[in-house]
Amino acid sequence: MSYDAIIIGGSYAGLSAGLQLARARRRVLVVDAGARRNRFASHSHGFLGQDGRPPEEIAADGRAELMDYPNVTWTVGEATAADAEGDGFRVTLGSGEVEQGRRLILAGGVRDVLPPVDGLAERWGRSVFHCPYCHGYELDLGRIGVLAVSPMSMHHAMMLPDWGSTTLFTNGAFVPDAEQLEQLARRGVVVEPDAVKSIGGERADINLADGRCVALDGLFVLPRTHINSPLAEQLGCALNDGPMGRYLQVTETQETSVPGVFACGDAALVAGSVALAVGTGARAGAGAHQSLIFR
């Protein structure tokens with residue numbers, strides 16, 4: 001069967017893109033591997049109308065809404081290859097099946113690569129976070145740490161005092177200069193230069209190399225991000241270099257540098273959230289639909 005659009009990724013961005021196309025009565029295939037980026041978090045925040053809900057419930061409700069449209073097909077699995085064919089694209093699934101679509105929407109998201117500190121990965125999404133807007137308020141003006149990974153951690157440390165008393169653990173990854181130290185002092189940020197040995201405790205206590213332990217209510221870190229799907233590289237889509245990793249270059253309608261291929265969600269953002277993913281998905285779905293009409 002040939003589809004008007006094949007969407008790779010059935011999380012928030014892919015669901016949002018699919019909804020626009022479904023309501024335009026287009027034939028849509030969603031290919032989903034089932035690995036949402038925020039699956040480690042118990043609650044999602046900052047998304048209007050859904051604030052504080054478990055992320056799996058938001059995704060499940062979105063899928064149920066999309067699948068109410070009879071012109072949408074959902075398949076569980078990975079898309080392993082894609083290439084242009086005629087006026088559309090051919091997508092090969094992990095099962096070996098080959099699907100054809102006139103437009104392709106890449107919504108497979110990114111994966112986070114954390115610095116190699118003992119105890120960090122086990123607390124990811126529970127007491128170790130990357131987004132202050134998503135998780136800062138729930139720390140209730142408590143004790144917050146920033147684990148430095150690059151000069152971008154300065155930005156993190158300058159923001160977080162609005163959510164609690166903040167300590168920047170430079171950990172050999174970043175050394176603030178005199179001007180930056182003055183800026184941090186004005187924001188009330190404590191700078192801890194000793195190396196971080198491990199993360200422990202019920203929340204995210206920092207065990208330092210000199211034997212001290214700094215108790216925290218939450219810890220923020222900027223992971224490196226890697227685009228999940230190999231399709232963008234196979235198709236030759238242009239990428240931008242961001243402070244946390246590469247992301248797909250898109251136009252205002254979310255179209256990539258390859259005509260007919262659109263991208264949305266975290267793979268097409270410098271930094272993402274559920275709310276931003278849904279917004280870019282809506283743009284990608286509408287953009288893909290209009291391209292079917294006006295080209």
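Only the coordinates and a few stated rules stand behind these numbers; no lab work does. Not measured: the values here are computed from a predicted model. Ideal geometry is used to build each Cβ from the backbone, glycine not excepted, and the neighbour counts take in all protein chains shown.
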Unit charges on C-beta of K, R, D, E only; dipole of the stretch 115-221, Debye: 100 debye
Segment ARG25-VAL190, extension gain: residue separation times 0.36 nm, minus the distance between their alpha carbons: 53.8 nm
For the chain: relative contact order, % (alpha-carbon pairs under 8 angstrom, 6 or more apart): 22 percent
Total charge dipole magnitude, the stretch 30-112, about the Cα centre, Cβ charges on Lys, Arg, Asp, Glu only, Debye to nearest 20: 200 debye
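Nothing charged except the Cβ atoms of Lys and Arg (+1) and of Asp and Glu (-1): what's the magnitude of the dipole of the chain about its Cα centre? Round to the nearest 20 debye. Each step should come with its number before you reach the end.
Numbers: 25 positive and 34 negative charges, 116 e Å.
Roughly 560 debye, rounded to the nearest 20.
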Structure-based [θ]222 nm, the chain - -39500 (n - 2.57) summed over DSSP H runs of at least 4, per residue, nearest 500: -7000 deg cm²/dmol
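Gain in length, ASP210 to ASP177, computed as 0.36 nm per residue apart minus the alpha-carbon separation, to one decimal in nm?
9.5 nm
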Along the chain, longest interval not containing exposed GluC sites (Glu not before Pro), exposed being DSSP loop plus at most 13 other Cβ atoms within 10 Å: 98-201
Cβ-Cβ FRET estimate between THR75 and ASP162, R0 fixed at 51 Å, reported to 0.05: 0.70
Which of ASN240, GLY10, GLY260, positive extreme of dipole for the chain (C-beta unit charges): GLY260
Relative contact order, percent, the stretch 197-295 [alpha-carbon distance under 8 Å, six or more residues apart]: 16 percent
Relative pair counts by distance (%), Cα atoms of the stretch 209-267, 10 Å bins: 19, 39, 16, 12, 11, 2
Euclidean distance between Cα centres, the stretch 267-295 to the stretch 153-173, Å: 32 Å
Rounded tilt (10° steps) of 274-294 against the dominant C-alpha axis of the chain: 20 degrees
Beta bridges per DSSP with both ends in the chain, % antiparallel, nearest 5: 40 percent
Mean-position separation - Cα centroids, the stretch 54-101 and the stretch 11-31, in angstrom: 9 Å
Across the chain: Cys residues that no other cysteine approaches within a C-beta distance under 4.7 Å: CYS213, CYS237, CYS264
Separation in nanometres of the label points that stand 7 Å from Cα toward Cβ, at GLU56 and LEU141: 3.5 nm
Fraction of beta bridges assigned by DSSP in the stretch 115-221 that are antiparallel (%, nearest 5): 25 percent
Spin-label pair ASP118/SER42, simplified geometry with 7 Å Cα→Cβ offset, distance in nm: 2.6 nm
Acute angle (nearest 10 degrees) that the helix 55-67 long axis makes with the longest principal axis of the chain, alpha-carbon atoms: 10 degrees
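Quick one: if you take sqrt(5λ) for each eigenvalue of the C-alpha gyration tensor of the stretch 115-221, what semi-axes come out, biggest first, whole angstrom?
Values: eigenvalues 72, 56, 28 Å².
Equivalent ellipsoid semi-axes, largest first: 19, 17, 12 Å.
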